[in-house]
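Reviewing the structure listed below.
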Amino acid sequence: MGPADIVILVLVAALLALAVRSLLRSGKGGCSGCGSASSCSAHNTGAPCPAASDMLRRAEGALGKRAER
């Protein structure tokens, strides 16, 4: 195994560690990625996220319009 292989393995291991760290940190609040996390009613009550519901409704509407063409 040459020096280039070792560098690549170290880089892949570091990226994997950063990805796992990011996943563990984002799982704390549930609303951590939301821009309105501090005022989020879903975060406080455990209800469905209104931002996610709106995003899904818009995406489904856009896909429905494409299917009609």
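Odds and ends about this structure:
- Ranked by how many other beta carbons lie within 10 Å on average, peptides 2-15, 50-63 from highest: 50-63, 2-15
- Label separation (Thr45 vs Val10): 5.3 nm, computed from points 7 Å beyond Cα along the C-beta direction.
Where a number appears in this text, it was derived from the coordinates with a stated rule and is not lab data. Not measured: the values here are computed from a predicted model. Neighbour counts are summed over all protein chains in view; Cβ atoms, including those assigned to glycine, are modelled from backbone coordinates with ideal geometry.
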